Each structure stands twice: as structure tokens, then as C-alpha cells.
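Scroll down for the structure; my scribbles are underneath it.
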Amino acid sequence: TNERSMRIRTSFTPRTVTEFAISRDVKIRTDGGSNGYRIESRNGSMSASHRPSQPLELFARLQVLYDTDRLSGIKSSLVGITPRVTYSFRGKGRARAEVDWSNVRAPEGLFLPFGMVNGRSRGHNGRWLGSFDYRLGENLSMLVQYEGRMAPIRPMVHTARAEFRAFF
């Protein structure tokens, strides 16, 4: 892997942080079989984080990715957006909700190597996440998480997790 990147981070106001990033990456797999690749990746993203009040954070990211496999000639592109909301309970915990949606364009009928377009499949891909962690007392905490995923070639997956921890 060979990567070159540039990142610019700036604060327009004390409550808002914006980041611009571009990168060029080359991933190579030559194991002697038919699964080899030489993927040249160009990636650009822009994100913004804003805190209208101390406990609340609003975040959004836009990502554009263009990949070319120089061995097979396959070209693919990804456009994605990720909004997120986080609410912090001072010294106690936080609640978080996030959605990650992307659309991948690639030629029909061709297999995309996993290293292309962040491992996503051709078409609409999505992931949504909700989590809540909270300290109930000095020695007791809880965590509740839910995640859903969808991909064009797989059925929708829902995963939930709940955890209580007691410290003695």
C-alpha cells in the first residue's frame, strides 16, 4: 500500500470545525492467483462538526471515492453521506445516532475486489446505528446498542446488544 494524503482542518467559529481531506492510495495484491489486483484509489471528503450547546454535537460528512483496478480494468465510484447526532450527559454517558448511506457505481456483471470502494457492493448501501451508554452509579454502568445494515446483494441485518457492568 502506498498512500498520499492531505488534510485541512479549520474552525470558522469556536463551535464549528470543518475538515477537508483528499488522498490517493494504491493497494496491491499479487498472490499468484486470479484474485490479484492493483487498485488506484482517489478519495475526497468534507466534514463539519457543530456544537450548538455543550452536550449536543451535530456532524455530517460527504465522501466521494473513485477506484480503478489496473489489472482487470474495472472502474467504480462511491458517493456517500454520513449524518450523526451525539448528546452527552455530563460525567454520566452519551446517546448517539448515526446513518451512513452510499451509492456505488460499477459495471454490471463484474466482481468487485473487496479492496475497491471500501468493500461495498454495487448499488445502494446503508448502515444505521444507535447507542446509549450511561453510568448508573459509581460501580454500575449500562450500554445499549443497535445497528442495522443493508447491501444490494445481502439481506438486511439487525444487531442489538445490551450490557450491564458492575465493578467490585
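Scanning the stretch 75-127 for residues that are in contact with a Lys or Arg (Cβ under 9 Å, 6 or more places away or on another chain) and aromatic (Phe, Trp, Tyr) turns up Tyr87, Phe89, Trp101.
In the stretch 147-162, how many residues are over 14 Å from His124 (Cβ atoms) and among the basic types (Lys, Arg)? Walk me through it before giving the result.
Looking only at the stretch 147-162, we keep the residues that are over 14 Å from His124 (Cβ atoms), and these are 147, 155, 157-162.
Restricting the remaining residues to those that are among the basic types (Lys, Arg) gives 161.
Count: 1.
When the test is whether a residue is within 30 Å of Glu138 (Cα to Cα), within 16 Å of the chain's Cα centre (by Cα), without any contact (Cβ under 8 Å) to a residue 40 or more places away in the chain and outside any helix (DSSP H, G or I), Ala97 passes it. Taking the criterion of being hydrophobic (A, V, I, L, M, F, W, C), open to solvent by 100 Å² or more (accessible area, probe 1.4 Å) and farther than 30 Å from Glu108 by Cα, the residues of the stretch 134-168 that qualify are Phe164, Phe167, Phe168. Taking the residues in the stretch 15-65 that are open to solvent by 50 Å² or more (accessible area, probe 1.4 Å) and of a type in the set (Lys, Arg) as candidates, determine which candidate is nearest to Ser102 (Cα to Cα). Residue satisfying both the conditions and the ranking: Arg61.
The values are calculated or read from the model by the stated rules, or taken from the named source; none is laboratory data. Not measured: the values here are computed from a predicted model. Every residue, glycine as well, gets a Cβ built from its backbone with ideal geometry; the counts of neighbours run over all protein chains shown. Protein only, heavy atoms only, side chains kept; ligands, DNA and RNA dropped before computing areas. Shrake-Rupley method; radii C 1.70, N 1.55, O 1.52, S 1.80 Å.
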